[in-house]
1. So which residues in the range 23-56 are modelled with pLDDT under 95 and within 30 Å of D104 (Cα to Cα), if there are any at all?
2. It is to be established whether one or more residues within the range 72-92 are out of contact with any Leu (no Cβ under 9 Å at 6 or more places or on another chain), of a type in the set (S, T, Y), modelled with pLDDT under 95 and not in a loop (DSSP other than H, G, I, E, B).
3. Out of all the residues in the range 76-91, which are under 12 Å from the mean Cα position of the chain (by Cα) and farther than 13 Å from I52 by Cα?
4. Considering only residues that are crowded, with 17+ Cβ neighbours inside 10 Å and hydrophobic (A, V, I, L, M, F, W, C), look in the range 64-91 and name the one that is nearest to K4 (Cα to Cα).
5. Kindly indicate whether any position in the range 29-41 is in a helix (DSSP H, G or I) and under 22 Å from T92 (Cβ atoms).
6. Please enumerate the residues belonging to the range 96-144 that are basic (K, R) and in contact with a Leu (Cβ under 8 Å, 6 or more places away or on another chain).
7. Filter the strands (runs of 3 or more DSSP E) completely within the range 97-149 down to those with at least 2 residues that are of a type in the set (A, V, I, L, M, F, W, C) and in contact with an Asp or Glu (Cβ under 9 Å, 6 or more places away or on another chain).
8. For the range 5-24, how many residues are among the charged types (D, E, K, R) and in contact (Cβ under 8 Å) with a residue 40 or more places away in the chain?
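The values are calculated or read from the model by the stated rules, or taken from the named source; none is laboratory data. The structure displayed is predicted, hence computed values, not measured ones. Note: ideal-geometry Cβ built from the backbone for every residue, glycine included; neighbour counts use all protein chains shown.
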Amino acid sequence: MEYKYADIDDSKVLIEIYNSAFYDDYLRYGWCPAYGRTKESMEKSLMEYHKIIAYDQSKAVGVISYRIAEPGEYYIGCLGVIKEEQGRGIGTSLMKYFMDEHPDWDEITLVTPKDKESNIKFYTRRFDFEIIGEKKEGNTAVLLFSLKR
């Protein structure tokens, strides 16, 4: 696996990853903030969030998007893997890469839909995140997760 920090020239590739990774969420919930982005909205997102793209044999297969909340505190905006590559450990490798690239992290937070058991298991079992709360985003109940050192 190879990793690249995304820049404005990667907008099209990022849109393709997001649309593949989050299409099922769009169908399930009737909306998904990561799905259906325009070039302009992706460029705006790149100004607010850092994004690391994972490549497997030169093919873009996943992305992790994050922002620094405060020194040592990171918020994961999304972790997505294209549909045909899911279940191969790419999400795990992206998360590990992110953590290795940011050894200063004291806390990592994120949200995921409350009814997405696979996501909940991924974060709690693979990375020991704790569920610290619940809220609504749009019409979807989401769980808030935290991982502290």
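1. Once the filter is applied, which keeps residues that are modelled with pLDDT under 95 and within 30 Å of D104 (Cα to Cα), the range 23-56 yields P33, A34.
2. Scanning the range 72-92 turns up no residue that is out of contact with any Leu (no Cβ under 9 Å at 6 or more places or on another chain), of a type in the set (S, T, Y), modelled with pLDDT under 95 and not in a loop (DSSP other than H, G, I, E, B).
3. Passing the criteria: only I82.
4. Among them, the one singled out is I64.
5. Scanning the range 29-41, I find no residue that is in a helix (DSSP H, G or I) and under 22 Å from T92 (Cβ atoms), so the answer is no.
6. Residues satisfying the conditions are K114, K135.
7. In the range 97-149, the matching strands (runs of 3 or more DSSP E) lie at 107-113, 140-148.
8. Of the residues in the range 5-24, 3 are among the charged types (D, E, K, R) and in contact (Cβ under 8 Å) with a residue 40 or more places away in the chain.
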